[in-house]
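Any read-out appearing in this document is the output of simple, stated calculations on the displayed coordinates, not a laboratory observation. In this text the structure is predicted, and so the values were computed from the model without any measurement. Note that each Cβ is placed from the backbone with ideal geometry, even for glycine, and that neighbours are counted across all protein chains shown.
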Amino acid sequence: MNKKVFTVLAAIIISLAVCTPVSAHEPGLASMDDGYHIYSSNPSYFSEEGLAALDNKALNIAIKSSTEVLFAINEYVDNDTIEYAENFYTNASGNENGILFLVTKDYWYVHCAGNTGEIFSEVDKDKIWDEYNKAKTYYDGVDAYLNIVSDKLADIKPPSYGDGSRLIDTADVLTDDEQWVLKAYFTRIADRYDFDIASVIVSSFEGMSADEYADSLYENCNFGRGDTKDGILLVANIETKQWATYAYGRGEAAFTEAGQKYMYDTYGPILDAKRYAEALNSYAGLCDRFLTQAESGVPFNAENLPVIPQEKILPRLVDDADILTDGQEKDLLNKLDAVSEDKGCDVAVVTVYS
């Protein structure tokens, strides 16, 4: 049942922004696109940095347990809290297994979907509210909720993702069609070599270095195939333009340090140009090529790396100053390609901060 709220977070004055329940893009309510796990009816409840940190924490719990983890505070809701929570979860998540902690003006409710109904008892739900309620800030309250959920889900092992769902785009830079095509490509290569091909695109490494983040994800999120967990993982941070690859099992021999640097020299500039789908397509193609070479018994290394095609060294448009919209970038890139082809030489544009 939904529980009555008798007290509120200490030392917080609540000012509410009006929002209508259960819509994917409501005023005052965070966008419900994939990659968001924390929702608030009032932007002042969380700092931008705090919201990003909580969202990434929820994401990591979700990845490790293959269970959706959501939080929503909407104190303008005055209708049935249980129905609202069920509808909210359905709209916000595509995972049949998950948990949503909802706080409204007068009630709170923990909605459990799928197998989480067997994991979280009524005592656990009361504990979630108690820890949230005694926190001094919204951030601390949600953080306490995530800690409880993390502990309860710690023993759940995520499934192997041989179905091709080893592409995770939390930064929301790929379209649905691009993800579908790339996942299919990743799967074909992975099945051909019985070797995991994976990539995670994020906007934060949560205070870790790129290498630390890649290592942590690979080891804790069930990447890799077979007993030796063979695979390779690319992580890329779209905000800092940092990246790392982590190869394990048979991947350690197939993807040498020199080989991994060569790969990034090929697709890295395309990533920097924000042509993410093209960059990931290049990454997958290189994985295919390197695995084929490794099967010959002589993996690519410093002394036998192929020559990088000139057209892949630098894209014709690099917007480092971030002054162009996606639409403007596409239009300008098309014009640059047309002029370059017409004149028989590369015409490029690079924007930089002064």
Cα gyration tensor category, rounded, prolate or oblate, for region 85-155 with a/c compared to 1.5: oblate
Trypsin sites (Lys or Arg not before Pro) lying in DSSP loop within region 51-137, provided at most 11 other Cβ fall within 10 Å: K136
Filtered GluC sites (Glu not before Pro), region 137-246: DSSP coil and at most 15 other beta carbons within 10 Å: E206, E239
J(HN,Hα) series, region 251-266, from Karplus relation 6.51 cos²θ - 1.76 cosθ + 1.60, nearest Hz, glycine and proline x: x, 5, 7, 6, 10, 6, 4, 5, x, 5, 5, 4, 4, 5, 4, 7
Within region 218-311, trypsin sites (Lys or Arg not before Pro) in DSSP loop having at most 10 other beta-carbon neighbours inside 10 Å: none
Overall form of region 36-151 per C-alpha gyration tensor (a/c, 1.5; a/b vs b/c): rounded
Cut-off under 5 Å, modelled amide H: who pairs with N115 long-range: G98
Entries in K64/K261; K127/K229; K64/K134; K125/K229; K134/K241; K64/K127 that, when Cα-Cα distance is taken, lie over 30 Å: K127/K229; K125/K229; K134/K241
FRET efficiency, A253 to V181 (Cβ-Cβ, R0 30 Å, nearest 0.05): 0.55
Beta bridge orientation in region 167-312: antiparallel %, DSSP, nearest 5: 45 percent
Net charge over other residues, Cβ less than 12 angstrom from the Cβ of Y193 (K, R count +1; D, E count -1): -1
Gain in span if fully extended, R289 to V347, counting 0.36 nm per residue against the direct Cα distance: 17.9 nm
Cα pair count fraction exceeding 21 Å, expressed as % - region 167-312: 39 percent
C-alpha center-to-center spacing [region 204-226, region 229-249] in angstrom: 8 Å
